[in-house]
Amino acid sequence: MRQREFKNIRLQSEDVAETTYQPVACAKTYRLIIVRKNLSIEKGEQRLFDDYRYFFYLTNDWVSTPTALVLRANQRCNQENLNAQLLGGVRALQAPVDNLESNWAYMVMTALAWNMKAWWALWPTLTPGRWHEQQQREQTTVLRMEFKTFVNAFVRLPCQIVRTSRRLLYRVLNWNPWQHVFFRTIAQLRC
């Protein structure tokens, strides 16, 4: 990225502060958490300038720490990414037909496809030992993977089927970086 001189934004530091806030039309007081992110804008090897961005979180939770609330809000933002994938990747929110029964069937099919992706990510049990952390990262990545990427990595595998006298052989004809996850899941399904 540095050689091609792309513009890169890096987080240098993050400051969290809190105060009370009462909107004009409300009788209730809320907790306002303010996050200031110190970002450095870089292009190639050069640091262009520093930038500050502010994020505001309004809550009625008076018990949790400000850092915990910010982390929880960031996890909720991941739900927005999932909703965007439902809209673009699975097209769950774009029913192609004009009557309610067909739209319902289409929604069921897309929900099943989405559940299959989540099931595929969560199915393989993590082996204890030296591969545990890597398998946990792979599991999280597959779970957050866009649906189109999931289909290309795990469903659309070119395969040659060879029938011998008493068994079927499946020969995978190309390689992709998720193949070891695919075979690990298949091996656990057979058990």
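The values are calculated or read from the model by the stated rules, or taken from the named source; none is laboratory data. Being a predicted model, the structure only gives us computed values, none of them experimental. Quick note on the areas: whole protein, heavy atoms, side chains included, nothing else; ligands and nucleic acids left out. Shrake-Rupley method; radii C 1.70, N 1.55, O 1.52, S 1.80 Å.
General observations
- Three-way shape call for the range 126-166 based on the alpha-carbon gyration tensor, with the a/c threshold at 1.5: oblate
- Estimated vicinal HN-Hα couplings, Hz - the range 19-27 in sequence order (Karplus 6.51, -1.76, 1.60; Gly, Pro = x): 8, 8, 8, 10, x, 4, 8, 10, 8
- Solvent exposure of the range 124-186 amounts to 75 Å² per residue of accessible area, where only protein heavy atoms count and the probe is 1.4 Å.
- Shown for the range 116-185: the carbon plus sulfur share of the solvent-accessible area, taken with all protein chains present and a 1.4 angstrom probe, equals 57%.
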